[in-house]
1. May I ask you to list the residues in segment 455-492 that are over 19 Å from L425 (Cα atoms) and either within 16 Å of the chain's Cα centre (by Cα) or of a type in the set (S, T, Y) (or both)?
2. When you check G454 against the structure, is it crowded, with 21+ Cβ neighbours inside 10 Å and assigned to a strand (DSSP E or B), yes or no?
3. In segment 361-375, is there at least one residue being at pLDDT below 60 and of a type in the set (A, V, I, L, M, F, W, C)?
4. Can you list the helices (runs of 4 or more DSSP H) lying wholly within segment 530-621 that have 1 or more residues being in the same structural domain as S502 (by the TED database) and under 30 Å from S165 (Cα atoms)?
5. What are the residues in segment 421-438 that are under 19 Å from the mean Cα position of the chain (by Cα) and buried (at least 17 other Cβ atoms within 10 Å of the Cβ), if any?
6. Looking only at segment 262-300, how many residues end up being out of contact with any His (no Cβ under 9 Å at 6 or more places or on another chain) and of a type in the set (D, E)?
7. For segment 592-637, name all the residues that are loosely packed, with under 14 Cβ neighbours inside 10 Å and touching a Lys or Arg at 6+ places or on another chain (Cβ under 9 Å).
8. Quick check on segment 83-91. Is at least one of its residues free of Cβ contacts under 8 Å to residues at least 60 places away in the same chain, under 24 Å from the mean Cα position of the chain (by Cα) and in a helix (DSSP H, G or I)?
Amino acid sequence: YLCPSFFEVIDPEVALKACQEVLLKVQLQNREVSGKDGDKQGCTSQRDPRPSARPESSLMPSASSSSSSKQSWLLRLFESKLFDVSMAISYLYKSKEPGVQAYIGNRLFSFLDSEVDFYLPQLLNMYVHMDTEVGDAIRPYLIHRCRGSITFSLLTAWLLGAYSSDMHISTQRHSRGTKLRKLILSDELKPELKSDAEVFVSPSRRTHQRSKSDATTASSGPGSGLRRTGSNPKVEAVHEEPDRLRPQREFVKSLLCIGKRLATLPTKEQKTQRLISELSLLNHKLPARVWLPTAEHQHHVCRIPHTQAVVLNSKDKAEAQTSSSDNISQFSVDSITSLESKEPVFIAAGDIRRRLSENLAHTPTTFRRDPEDPSAVALKEPWEEKVRRIREASPYGHLLNWRLLSVIVKCGDDLRQELLAYQVLRQLQSIWQQERVPLWIKPYKILVMSSDSGMIEPVLNAVSLHQVRKQSQLSLLDYFLQEHGSFTTEAFLTAQRNFVQSCAGYSLICYLLQVKDRHNGNILLDSEGHIIHIDFGFILSSSPRNLGFETSAFKLTSEFVDVMGGLDGDMFIYYKMLMLQGLIAARKHMEKVLQIVEIMQQGSHLPCFHGSSTIRGLKERFHMSLTEEQLQLLVEQLVDGSMRSITTKLYDSFQYVTNGIM
């Protein structure tokens, strides 16, 4: 068993010698294999026969080090199943020894792609902002993955551009990150075997083919790199070989350009009309070999139901009371997915809208059209109803592998803090699942495309508490009763439990990350009773206008407590118990959370890292020195302080007066 702080106390010299022993062992194995069969090559990775990152002469250990029991023990750790990708990233960041860094760079090849992909922001931030040895250790892995995946290539290029933006312009132009980004976008990293497009759908099982050529040779405007063959939904095959990255780059560029053009229009109605018109024009380039990068499953976009797109409200964070930047749009796409996928391509939204009541049949309420926020009507519509309605009207709806996917395109805002928060939420979600603590949170995927644009995965079947109050004119408890039935029905009890588990989860999230700007427009309620916090633009060291106005640990209003059954109710006691269990579980794995944040602080100018005590403050909020009894008292104090917080009430009042948020 390894304690969370285990890797902070290992002697760096011992670690270096152990890594040297590992590399020497590998070199000896390579020579043995080479001697037996000249056609076979040994390497530390099962995936990629790459050259050694360091000269052999600099890695040879002394005879005395080989006999060291410490390094032999550490060697066993490095080669054991305990050595996961989290430990590898931690060593890569903290170690200053080239031998250790080279070993970790080689070990990256042995992990699952999905495991390393989670830490891609950390890897690229280290590549951009840390010393040459770290970059040299990471580069072979990045090149290898870029050769094999168009999606990975684009994600890497986008993140490299975003993280390089913090550098001085003269330094940025010649930086390691900029050079790698140019190499990727030059499309020189051709796949050694089959590309993503070639293996996407087996020709023998294809029911709807798309030509291999989706790009024209010149790009005269947004979407010009997309070319549809034929004037009807059927797509004919041609045999030209396109640039690998161009179709997807042009598709994404088109979406971002639409968002930027919306920002120039003064009214919501004009923005919506322009959005529908622009997406209709983009449809002329579809179907194409393009996809939504926020989606988990492989697919190709066939069509955008442009009339269903909406413009979302987004008040500027720094000038909340005066400035508005409504250049955020949400739309859906028809897509066809790989028939060879063994897993469901999209989670049925009906699972979210199911009603569990046995004795009451409730019809879900719909919101009336609000001239100030027409998107509320679209977002309130149950997702499975939207899917059914759009599929019936789609020329591709008859295809068995048809799916409807949705995305939010955001322009003029830096999503790097949102991405950081998403990673922390994902890590804590994994920790709580591992420790079997029934806390519920909903991390939604963030895609950073530059320092001022990106895409966000929509939260389906959820509306803001602001819209709930505005449209229903009911208290939160009365709204629960209206939606889920009386206090004793199974539907209400299930929704109440969901509310408590999600409220406890997000209370801990808000406390650990110091999430601010918690008005009712940034808290969603889904159809199962969960609350979902969105907009993590103010975390850690940053707050609206840097005033630090919100002083409570998290938002816990009297309405929340009423839904839980009151201060003396069993569910309120359950809420506090969940918070205690969640904090105990989180601090057992504190290092996994800390490393995500600490690595991203390197070279960053993000507001959340202002000040020198950001990481220290985060670490202190895990309260490693407290006993469980002391932690229980702490939770009681946090809950009591949040319920009684006058600043929460004042901030809600401020948002109502300035922005009309109820």
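1. Scanning segment 455-492 gives S464, S472, S475, Y479, S486, T488, T489.
2. So G454 passes the test.
3. Within segment 361-375, one or more residues are at pLDDT below 60 and of a type in the set (A, V, I, L, M, F, W, C).
4. Details: elements: 558-563, 570-588, 590-601, 614-620.
Once the helices (runs of 4 or more DSSP H) in segment 530-621 are filtered for at least 1 residues that are in the same structural domain as S502 (by the TED database) and under 30 Å from S165 (Cα atoms), what remains is 590-601, 614-620.
5. Initially, segment 421-438 is screened for residues under 19 Å from the mean Cα position of the chain (by Cα), giving 421-433.
The answer is A421, Y422, Q423, V424, L425, Q427, L428, Q429, I431, W432.
6. 2
7. M624, E636
8. Checked against the condition, which is being free of Cβ contacts under 8 Å to residues at least 60 places away in the same chain, under 24 Å from the mean Cα position of the chain (by Cα) and in a helix (DSSP H, G or I), segment 83-91 yields at least one hit.
The values are calculated or read from the model by the stated rules, or taken from the named source; none is laboratory data. Source: prediction; values computed, not measured. Note that we place each Cβ from the backbone using ideal geometry, even for glycine, and neighbour counts take in every protein chain shown.
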